[in-house]
1. Using a simple spin-label model with points 7 Å from Cα along the Cα→Cβ vector, what separation in nm is obtained for ILE149 and PHE207?
2. Placing +1 on the Cβ of each Lys and Arg and -1 on the Cβ of each Asp and Glu in the chain, which of GLY159, SER35, ALA23 has its Cα farthest towards the positive end of the resulting dipole?
3. Tell me whether segment 124-269 comes out rounded, prolate or oblate; compute the Cα gyration tensor, take square roots of the eigenvalues as a ≥ b ≥ c, and use a/c under 1.5 as the rounded threshold.
4. Given +1 on the Cβ of Lys and Arg, -1 on the Cβ of Asp and Glu, and no further charges, what dipole in debye does the chain carry about its Cα centre, rounded to the nearest 20?
5. Looking at the calculated P(r) for the chain, what percent of the C-alpha pair distances fall above 33 Å?
6. Which trypsin sites (Lys or Arg not before Pro) in segment 284-388 pass both tests, a DSSP loop state and at most 12 other beta-carbon atoms within 10 Å?
7. Mind ordering 108-119, 407-418 by average Cβ neighbours within 10 Å, highest first?
8. Can you show me the helix-derived [θ] at 222 nm for the chain, built from DSSP H runs with n ≥ 4 at -39,500 (n - 2.57) apiece and divided by the number of residues, rounded to the nearest 500.
Amino acid sequence: MKTVEVAVIGGGPAGMAAAAEAARRGASVALVEESATFGGKVLKTADCGLPLSPIEGYEKRTADRLLTDLHRHADRITLIPRHQVWHIQDGRVLELSPVGGAPVETRQVRCRRFIIATGAMERIRPFPGWTLPGVFPLGGLNSFVKHGILPGKRFVIAGSGPLLPVLAHTLIRAGGRIAALVQTTTHREMLRHVFPLMAGMDAFKLFQGIYYFGRMIRNRVPIYNGAAVSRVDGEERAESVRVIRLDRNGDPIPGTETEIDADAVAVGFGLIPCTDLTRLCGCREIYDELSGYWRTLRNSRMESSVDGVFVAGDGAAVKGYSAAALEGTLAGGAAALQLGYGGEDDSESAAVQKRLKKATRLGRALDQLSAPSSGLLHLISDETVICRCEEVRLKDLRQAADAGARDIHDLKRRTRTGMGQCQGRFCGQVINELLWNLLNRQAEDFPLRDVFTPRIPVKPCTLQDLLGNSK
Ligand SMILES: Cc1cc2nc3c(=O)[nH]c(=O)nc-3n(C[C@H](O)[C@H](O)[C@H](O)COP(=O)(O)OP(=O)(O)OC[C@H]3O[C@@H](n4cnc5c(N)ncnc54)[C@H](O)[C@@H]3O)c2cc1C
C-alpha cells in the first residue's frame, strides 16, 4: 500500500494541475491515471505522423506546461499510470487495478484528502443502425485518426456541439473525405447562445472557431443544420446514412429524409461527467436541465458535499480543458491548505477564480449547445438496441414497462439493462428519458431523473484485483 497526503484520480488537465498545486504547497501526492500517458481526453500525446496544426501546437504547449509543472515537484509526486481506481474504501483508501497487462505498481493508495478528476464521457443517443461496424462515437473516431488510423473512406459526422468541427478538422488533415456534417443545432439556437459564447471567448478560442469553420468551407464540406441521422443501413457494416430534418422543437419531420453514401459515421451529442466515483462517495448532485446531465455540487474551492472529497474538471461539469486545469489548481491548493500547507493566498486564488469564471462561461455555453432534444428519442425503433452490453432492445424495455416496471431499477432487474460491462454508464441516462418520453410513465409513478445505483467495481477488473492485496 502506498500512503500519501493527497491522492488525485485522473491525469487529465484537472488532475495534473491539482497534483502539481498540492505538491507545490508541500503535500505528498499520488496521481493515478488509467492511460499510459498523461493529458486526458484531448491533451494526451497522440501521433498521426502529420505536422501539428496551429491549434494542435497550442494544445501541445499547454500539455507540456502541465507536464513541466508535474515534474518540477517530482520529489513529492508519485505518478501511477496504467492503473485505474475501481473502489474507494472508507473514504480514504483507493483500490487500484493495473490496466492492459501493466505490472502492478500498487493495489491501494491511502490518503488524507482526494481529488476526483475523472473527466467526462460521450453522451449516447441510440438510433437504428448505431451498433453497426463503421458507426463511431465522435471522440472515439477522433482518437483513431489521431493515432494514424483512418477507418473509412467517406465519412458522415453528426450530432451537436463543438466536437463536430474538431473531428471534421482532424479528418480533413488525415485525408478523409467528409460526405456531410449533420448538426441538430439550428441557426436560431446558435443565435440564442451568441452572447454567452462571446462573453467567454478569448482570442485563441475565437481563432479556433474561425479556423475550423474556414477549413470546412475551403474543403466544401456539405453542412446540414437542424437535421439528424435517422438511421444507418448496411449488410455487414455502415453503407449509407439517412438524414432527417428537425422542426424548431428538435422533433424529426416525417418525409424529409435524404440518403447519403458513407462507410464511416461519427455521432455525438457532447459529453457528460463520469460520476461513478463521486456517487460512490455520496457526493450530492443536481440535475442540470440546460446541459441535460447530473453534476456534482461543489463550493468555490471544488470541495464536494463530502468533507475532504474534491471534484475538479469535466467530471463535475463539462467546461473544456482551460476551466478543468483552473479547477484542478483550486482543488489541489484547497486540499493542501486543509492539511496545513501554504498560507491563505487570497490574491492568487482570486486571480484563478476570475479566469475560471470566464472559461466557465464559454464552456457552459458550448456544453448547452450540445444537449440533444428529447425529440430525437422518437427516431428509436422497437428493434433498436439500447443497452449494447446486454443487447437489450427498446421492445424489451417496453414489455417490461407494460408488465409494470416501476422505475429504472425495476427495469434493470427485469431486463438486465445496465448490468453489463459498462454498468449502465452509457445507457443509464437515456433509459430514464425513454421511460418518460416513449413508454408513457408519469411523474407520480417514478422519479423523473433517476440513475442506476453505483456498484463496485466501477471499472471492469479481474478477480485477482478484487481479491489480491499483494502490494
Ligand atoms: C474529441 C474531443 C475534442 C475536444 N476538443 C476540445 C477543445 O478543442 N477545447 C477544449 O477546451 N476542450 C476540448 N475537449 C474537451 C476536453 O478534452 C476536456 O474538457 C478536458 O480534457 C477535461 O479535462 P479533465 O481533466 O477534467 O478530464 P479528462 O481530460 O477527461 O481526463 C480525465 C482522466 O481521468 C482518467 N480516468 C478516468 N477514470 C479513471 C479511473 N477510475 N482511474 C484512473 N484514471 C481514470 C482518464 O483516463 C482521463 O485521462 C475535447 C474532447 C474530446 C473528446
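1. Between ILE149 and PHE207, the label points sit 3.3 nm apart.
2. It is ALA23.
3. On the way: a/c = 1.98, a/b = 1.20, b/c = 1.65.
Note, shape of segment 124-269 comes out oblate.
4. Details: 61 positive and 52 negative charges, 167 e Å.
The dipole of the chain has a size of about 800 debye.
5. On the way: 41837 of 110685 pairs.
Percent of Cα pairs beyond 33 Å in the chain: 38.
6. Values: sites: ARG284, ARG295, ARG298, ARG301, LYS319, LYS354, ARG355, LYS357, LYS358, ARG361, ARG364, ARG388; in loops: ARG284, ARG298, ARG301, LYS319, ARG388.
The qualifying sites are ARG284.
7. Working: 108-119: 26.1, 407-418: 19.7.
The densest-packed peptide leads the list: 108-119, 407-418.
8. Details: 14 runs with 165 residues, N = 471.
Rounded to the nearest 500, the figure is -11000 deg cm²/dmol.
The values are calculated or read from the model by the stated rules, or taken from the named source; none is laboratory data. Worth saying up front: this structure is predicted, and the values here are computed from it rather than measured. We place every Cβ from the backbone using ideal geometry, glycine too, and count neighbours over all the protein chains shown. Keep in mind that these areas ignore ligands, DNA and RNA; they rest on the heavy atoms of the full protein, side chains included. Shrake-Rupley method; radii C 1.70, N 1.55, O 1.52, S 1.80 Å.
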